[in-house]
Every structure is written in structure tokens, then in C-alpha cells.
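Novice: Here's a structure for you.
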Amino acid sequence: MVMRKLQLPLSQTQKVRFERAIERLQSLSSANSDASVIVTDSIPVNHDDAFLKGHGTSEVDGELLATVCGVVERVDKLVYVRTLRARYKPEVGDIVVGRVIEVAQKRWRVELNFTQDGVLMLSSMNMPDGIQRRRTSVDELNMRNIFVEHDVVCAEVRNFQHDGSLQLQARSQKYGKLEKGQLLKVDPYLVKRSKHHFHYVESLGIDLIIGCNGFIWVGEHVEVRDPMAIDDQKDEEMISSSSAGKEQNHNPLETRQTICRIGNAIRVLSNLGFTVTLEVIIETVNLSNSKNIDIHDMLGSEFHVVVAENEAERRRTKRKK
């Protein structure tokens, strides 16, 4: 486990508490098979069994050494070092969150925290009417009615293009434009690939999308409805929108405060270098509420120390089970 140096002013007491929490975390992680290494560190392997040298490793005088800083990963016989604080390394099927930077011919270009921009083709996009059909010149003219520059979108990595850029697809109702929320950025290595990257925190009424590329969306919960049902309700919505439309353009104050609290919890976890998961985020939010810490004060030194202490205790308890 590689801990970050906290870039916040700490009192002498806070410094002692923080260092003690970090020592406990490092002692707990040292028992893990995935050990942290720096350049020229020796990687323990069983030379009696055949093993394969992967990225970030080199064999010198019969000893396997790390050539980059990171975490040792083992997949069957393959041993490699997963570098930290690196740019996003995409895989097909990844759920990503990005920001539209250009509306081009039959496509949108999306910034994904990657060396190349992502490309979302008009043909790979769910149309507003929800009907599966060929895209026409009219659809191309109306592209700005779907996404414009600076819009935040969610999509899935479809494949890689010959120039190294990513081709995205958004053919499900769960993908598309994200509104009424906050976009946060963390280092991609803090996000672990899992089966579920879309989360609905029912107790808070918040949607949380943890993108594999390190972009995280926190926003007001939006019901994913069937396109046909949306068409049936369109007339009623047009009648009521004239009176209630202005009020619906803004989130309620309580929802905005909840979004900010979750956002600050993610920022704290990122500052500390902790893996960002739904469980840890919610526990950090609950911790701030139980300690009666104001949303703004969550970014202060004291709460960072409290979160580090709580994480050490959580991992110790989890290890005992």
C-alpha cells in the first residue's frame, strides 16, 4: 500500500495521530500478497515454480526486480507491477464518465482522462425517441440537441480505433447526459474495476457513477424510464412544464448539500490515496455526520486524520472476520 504525503497543515497532535494511523495501515497491508514496491525492489517469487515476467519487472542475477513504482499483481503465473498515479488504461466494456469537448460530423469527442479522446458516434447513441432506426441527415443536424460542448456524459468503451482513440457506445437508457450533479476527478488507480459502477444511494436519493477512468459523477437520482412511457407522458409534461419548469431546473437545497458532502468525502479519500468504493464513500459520509462536521470543514486537516484513523480501524476489523 502506497500512502500519500498529506499536503495539509497539521498540528503536532494531528501529525502524531496521522503517522500512527498510517503505520497501522501499512502493517495491515504488508501481510497482503500485493506488496508495494519502488524501483529496484526485489519481488518475492518461487523459483521452483515457473513464472512469467510481466510489465515493470526484470530478472537480474536470478532475482526478480521492479523497474517501476507500484503494486505487485499476480495473475496465475504472470507477475507484473501495476504502476500508480498513471493515466487511465482502458479496457473494452469499461464504464467511463467524460466531458464533451467537440461536436463533429456524426460524432462527439469526449475527454476521458486518457492519452486520446474518446469518440461517440451518432450511430452508437440512443436517440431521444428511443426507436432503433438508421440515422438520417436530420439527426446529424440535431446533434446539438443531444450533447453540446462541456456536457458530462456516461458511456461504455466499445473498442479501440486504429489511431489509439477509444470508440464509445451509449445504447442503453442508463447511459447518456448527466445533469444536476457534480463531476469529480481522482487518480484512475484508486478505482477498481467491478461488476457494478452505477450506484443508487437510496437513503440519500443520490446517483453515484464511479467511472473506470477516474471521473466520478455525484448527482440527483434520475429514474431510468422506458422510452414508450416517456412518449405517453410527453403531452402531460408539456402542459405542466410551463408552471413548474423553472422550479425543476434546480436541485432542492438538501439534495445539493448531500451532493457536496459526498463530493468532499471522495476528495478526502483521494487526498489520502484510499481506494474509492461505494462502501468507503458512504462510511466517510456517515462519519462526517456522526462527528457533526460541516461540509466545508470536511476538507480540513482534522477530518483527514479522522478518516485515516477510521480506515485503519475498518481494515483491522475486516481482517479479523
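The values are calculated or read from the model by the stated rules, or taken from the named source; none is laboratory data. Note that the coordinates shown come from a computational prediction; the quantities given were computed from them, not determined experimentally. No Cβ is skipped: glycine too gets one built from the backbone with ideal geometry, and neighbour counts run over all protein chains shown. Accessible surface areas use protein heavy atoms only, side chains included; no ligands, DNA or RNA. Shrake-Rupley method; radii C 1.70, N 1.55, O 1.52, S 1.80 Å.
Novice: What is the distance, in nm, between label points placed 7 Å from the Cα along the Cα-to-Cβ direction at ASN159 and at ARG135?
Specialist: Those two pseudo-labels are separated by 1.6 nm.
Novice: OK, next. Which net charge results for the neighbourhood of THR277, defined as the other residues with beta-carbon distances under 13 angstrom from its beta-carbon, given Lys and Arg at +1 and Asp and Glu at -1?
Specialist: Numbers: positive: LYS192, ARG193, LYS195, ARG314, ARG315, LYS318; negative: GLU279, GLU283, GLU311.
It works out to a net charge of +3.
Novice: Helix 227-248 versus the longest principal axis of the chain: what is the Cα-based angle in degrees, 0 to 90, to the nearest 10?
Specialist: 90 degrees
Novice: Anyone know which of SER36, SER301, SER194 comes out most mobile in the 10 Å Cα GNM of the chain?
Specialist: SER194
Novice: Quote the FRET efficiency, to the nearest 0.05, computed for GLU19 versus GLU254 with a Förster distance R0 of 41 Å and r equal to the Cβ-Cβ distance.
Specialist: 0.65
Novice: Using only the alpha-carbon atoms, how far is helix 253-272 inclined from the longest principal axis of the chain? Give it as 0 to 90 degrees, nearest 10.
Specialist: Result, in degrees: 30.
Novice: Can I ask one more? What's the extension gain from SER290 to LEU278 if we count 0.36 nm per residue and subtract their Cα-Cα distance? Don't jump to the answer; show the numbers that get you there.
Specialist: On the way: separation 12, 0.36 × 12 = 4.32 nm, distance 1.82 nm.
Taking SER290 through LEU278 to full extension adds about 2.5 nm, to one decimal.
Novice: With springs only between Cα atoms under 10 Å apart, run a GNM on the chain and tell me which of LYS192, LYS77, LYS177 wobbles the most.
Specialist: LYS77
Novice: For a test of the definition: using alpha carbon positions, the gyration tensor, and the 1.5 limit on a/c, classify region 35-84 as rounded, prolate or oblate.
Specialist: Working: a/c = 1.97, a/b = 1.29, b/c = 1.53.
Oblate shape, in that a/c is at least 1.5 and b/c is the bigger or equal ratio.
Novice: Using a 1.4 angstrom probe on heavy atoms only, work out the carbon and sulfur share of the accessible area of the chain in %. Please list the in-between numbers first.
Specialist: Values: 8980 of 18230 Å².
Carbon and sulfur atoms account for 49 percent of the accessible area of the chain.
Novice: Still on this model: Under a Cβ-only charge scheme (Lys and Arg +1, Asp and Glu -1), can you give me the dipole magnitude of region 86-178 about the Cα centre, in debye to the nearest 20? The partial results should precede the final answer.
Specialist: Numbers: 14 positive and 12 negative charges, 45 e Å.
Rounded to the nearest 20 debye, it is 220 debye.
Novice: Find, among the chymotrypsin sites (Phe, Trp or Tyr not before Pro) in region 88-161, those assigned to loop by DSSP (not H, G, I, E, B) with at most 12 other beta-carbon atoms within 10 angstrom. Could the numbers behind the result be given before it?
Specialist: Values: sites: TYR88, TRP108, PHE114, PHE147, PHE160; in loops: TYR88, PHE114, PHE147.
Hits after loop and neighbour filter: nothing returned.
Novice: Only four residue types carry charge here, +1 at the Cβ of Lys and Arg and -1 at the Cβ of Asp and Glu. Report the dipole size of the chain about the Cα centre in Debye, rounded to the nearest 20. Mind showing how you got there, number by number?
Specialist: Numbers: 44 positive and 45 negative charges, 119 e Å.
Here the chain has a charge dipole of around 580 debye.
Novice: Report GLU149's accessible area, 1.4 Å probe, all protein chains in place, as a number in Å² to the nearest 10.
Specialist: For GLU149, the solvent-accessible surface is approximately 60 Å².
Novice: Just want the answer: with Cβ charges of +1 for Lys and Arg and -1 for Asp and Glu, which residue in SER42, LEU65, VAL81 is farthest toward the dipole's positive end in region 35-84?
Specialist: Value computed over the given set: VAL81.
Novice: Next up: Place a +1 charge on the Cβ of each Lys and Arg in region 35-84 and a -1 charge on the Cβ of each Asp and Glu, then give the dipole magnitude about the Cα centre in debye, rounded to the nearest 20.
Specialist: Result for region 35-84 is approximately 240 debye, rounded to the nearest 20.
Novice: By how many degrees, between 0 and 90 and to the nearest 10, does the Cα long axis of helix 301-320 differ from the longest principal axis of the chain?
Specialist: 70 degrees
Novice: Which of the three applies to region 86-178, rounded, prolate or oblate, going by the alpha-carbon gyration tensor with a ≥ b ≥ c and a/c under 1.5 meaning rounded? Don't jump to the answer; show the numbers that get you there.
Specialist: Values: a/c = 1.71, a/b = 1.60, b/c = 1.07.
Note, shape of region 86-178 comes out prolate.
Novice: Tell me the net charge near VAL119. Cut-off is 11 Å between Cβ atoms, VAL119 excluded, with +1 for each Lys or Arg and -1 for each Asp or Glu. Write out the running numbers ahead of the final one.
Specialist: Numbers: positive: LYS106, ARG107, ARG109, ARG158; negative: GLU102, ASP117, ASP163.
Here the count lands on +1.
Novice: Then there's this: At 1.4 Å probe radius, can you tell me the per residue accessible area of the chain in Å²?
Specialist: On the way: 18230 Å² over 321 residues.
Accessible area per residue: 57 Å².
Novice: Shifting gears a bit: Among PHE147, SER123, GLY98, whose Cα lies farthest out toward the positive end of the dipole of region 86-178, if unit charges sit on the beta carbon of Lys, Arg (+1) and Asp, Glu (-1)?
Specialist: Among PHE147, SER123, GLY98, the one farthest towards the positive end of the dipole of region 86-178 is SER123.
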